[in-house]
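The values are calculated or read from the model by the stated rules, or taken from the named source; none is laboratory data. Just so we're clear, the structure is a prediction, and the values are computed from it rather than from any experiment. Neighbour counts are summed over all protein chains in view; Cβ atoms, including those assigned to glycine, are modelled from backbone coordinates with ideal geometry. We work out accessible area using only protein heavy atoms, side chains counted, and drop any ligands, DNA or RNA first. Shrake-Rupley method; radii C 1.70, N 1.55, O 1.52, S 1.80 Å.
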Amino acid sequence: HVIILKKGKVKVYSFVDKEKEQILRLVSDDQILGHRSFGGGFKLPVSATTLTQCDLVYIPVDVFLGALKANNDFCFQFMMFFAEELKNSEQHIKLKGAKNLNQRVATAILDNVAAFGYSSFDQKTLDYTISRKEFANFSNTTYESIVRTLKKFSELGLLEIKGKNLKILDEKGLVKISTLNY
């Protein structure tokens, strides 16, 4: 089946080895899950874990495929979604293989912003901040390196660390460091 995340926050990941998790994407309200099984005998090559309480809609794969075949606009939009997913995956593969630590961490922060947005109470504080360990998995680095880099970003005036949460003070500065187009 295909899953629509109606409400909540989820991380999609795979394991590099039995213990090292690699976060591939963050998912929030009204986004799709389970689509990575298409074209692979409908076996999921990744896992997902909820980060908050979630409301999910399960659509049987045969119903979903029937809707794609019956509706050209829906099929086109789904194809564009796949193209965007592929582009993002390619950018992140390049980033993790060739970019420095600051660029990887800035990208992880911006992905957190893109997926979950800002708090309705404070338009600079992340609505949901992934854990430092998850930032490390997302950035292909260690927990200690994340802590040091976040502190460095704080000293540079890019963000403010508020307990476990992050307040983004200079999003354009993070974009510049990341070298990706957000």
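Apply 1/(1 + (r/R0)^6) to the Cβ-Cβ distance of residue 154 and residue 1, taking R0 = 45 Å, and write down the FRET efficiency to the nearest 0.05.
Efficiency at R0 = 45 Å is approximately 0.60.
I'd like the chymotrypsin sites (Phe, Trp or Tyr not before Pro) in the range 105-147 restricted to DSSP loop residues with at most 10 other Cβ atoms within 10 Å, sorted by number.
When the chymotrypsin sites (Phe, Trp or Tyr not before Pro) of the range 105-147 are filtered for loop state and at most 10 Cβ neighbours within 10 Å, 121 remain.
Treat each spin label as a single point 7 Å out from the Cα along the C-beta direction, and report the residue 50 to residue 162 distance in nm.
2.6 nm
Per 0.36 nm of contour for each residue apart, how much would the distance between residue 59 and residue 119 grow if the chain were fully extended, relative to their Cα-Cα spacing? If you can, show how the numbers build up before the last one.
Details: separation 60, 0.36 × 60 = 21.60 nm, distance 3.04 nm.
Length gained between residue 59 and residue 119: 18.6 nm.
If you take the beta carbon distance between residue 71 and residue 16 as r and set R0 to 35 Å, what does 1/(1 + (r/R0)^6) give as a FRET efficiency, to the nearest 0.05? List each step's numbers first, then the result.
On the way: r = 38 Å, r/R0 = 1.09.
The calculated FRET efficiency here is 0.40.
Can you tell me the accessible area per residue over the chain, all protein chains present, probe 1.4 angstrom, in square angstrom? Walk me through the numbers before you get to the answer.
Numbers: 10530 Å² over 182 residues.
About 58 Å² of surface per residue is accessible.
Leaving out ligands, DNA and RNA, what percent of the accessible area of the chain is carbon and sulfur, probe 1.4 Å?
Ligands and nucleic acids excluded, carbon and sulfur give 55 percent.
Just the projected area, averaged over all directions, of the convex hull on the alpha carbon atoms of the chain: how many nm²?
Taking the Cα atoms of the chain, their convex hull projects to 11.2 nm² on average.
Quick one: grab Rg to one decimal and Dmax as a whole number for the range 120-182, Cα atoms only, in Å.
Answer for the range 120-182, Rg first and Dmax second: 11.6, 32 Å.
Comparing 34, 157, 117, which has the greatest mean-square fluctuation in the GNM of the chain with Cα pairs linked when under 10 Å apart?
157
May I ask you to list, by number, the DSSP H helices of the chain whose Cα span along the axis is at least 15 Å and whose average Kyte-Doolittle hydropathy reaches -0.5 or more?
Those that pass (Cα extent of 15 Å or more, hydropathy at least -0.5) are 72-98, 101-116.
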